Amino acid sequence: MAGYAGITAGYLIRGSRPCLVETGTAASAPVVRAALAALGVGAADLATVVVTHIHLDHAGGTGDIAAMYPGAEVVVHVKGARHLADPSRLMAGARAVYGSALDRLFGELAPVPADRIVALDDVGSIDLGDGRRLDSHYSPGHAKHHVGLIDSASGDLYVGDAAGVYIPETGDLRPATPPPDFDQETALASLRRFAALRPSRLLFSHYGPVTDVDATLARSAEEIDVWVSHTREARAAGMDLDHAVAMVRSRTLSRYAVLGPDADPALAARFERMTGPALNVQGIWGWLDKLETPVG
């Protein structure tokens, strides 16, 4: 993504019905195909492709992957299904946010044939073969079409962006609170739902597995609260959005080793690309606007 490796993760679940969780961007699709081939998964072998949500860093390659693996079902929450079949509205919205940078960052989401899309309700199940399941649990707050997915055999929980963005090199964790769907209480409720599932590991789409489940989910909730608190403070001080972004970034800088004075600049740049403060504050700002807008 955007020329960086190690920003997004796709996961292969091996078994009699191989399943790919997350495709990454459109530019990631050839990389994913090469990796699957190296693992012995050919064009006719993949049974299922599932995405946690339809943001382009997670699902931008779905149409391309569907074409590469013509026998695979494509699974998504019901609120995202129509956008995979017809991505025009999703792409127009993304282009309004990212402008000319969209092509470099994400590429173009190709449509998925509607008859290959399986739309999940708030709770659903994906057959992995031999009695094994991938159970989905609706987890909005980051996005209204977001699901967490837990493997009935391994206990691994694919958390998408609901638990934030993780940097394995430093153990840093920053929230993912972009517009237009962020909602604090809904996001925190999704984290509580994840904790209640008692997963063995958290598999972050950005980026990699974490075994310290309870502490990581607690940190995820803390990060959301901290960023909301600082954004509220900026608004109360009469700042505009740009100044609020600068203030919140400054106030939270010390929380992340990856942004410290001795950090690797390349790693810091990757972290900022994955979870830039501007989009996070903008998402919180928009949510606060909704809260403060009188009804009627």
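Of note:
- Among 79, 290, 144, sorting on how many other beta-carbon atoms sit within 10 Å of each Cβ, with the fewest leading, yields 290, 144, 79.
- Evaluated over the chain, the Cα radius of gyration and Dmax, each in Å: 18.6, 59
- Helix-only mean residue ellipticity at 222 nm for the chain, each DSSP H run of n ≥ 4 adding -39500 (n - 2.57), per residue, nearest 500: -12000 deg cm²/dmol
- Rounded if a/c under 1.5, otherwise prolate or oblate - the range 56-177, Cα gyration tensor axes: oblate
- Highest-fluctuation residue, 51, 76, 213 considered, GNM on the chain with Cα pairs under 10 Å: 213
- Our note on the geometry: Cα centres of the range 100-122 and the range 148-172, 22 Å apart.
- Computed over the range 1-50, Cα set: Rg, Dmax in Å: 10.8, 34
- Charges were assigned to the Cβ only: +1 to each Lys and Arg, -1 to each Asp and Glu. The resulting dipole of the chain about its Cα centre is roughly 120 debye.
Values in this text are rule-based calculations from the coordinates and carry no lab data. Note that this is a predicted model, so its numbers are computed, not measured. When we count neighbours, we look across all protein chains shown, and the Cβ atoms used for this are built from the backbone with ideal geometry, even at glycine.
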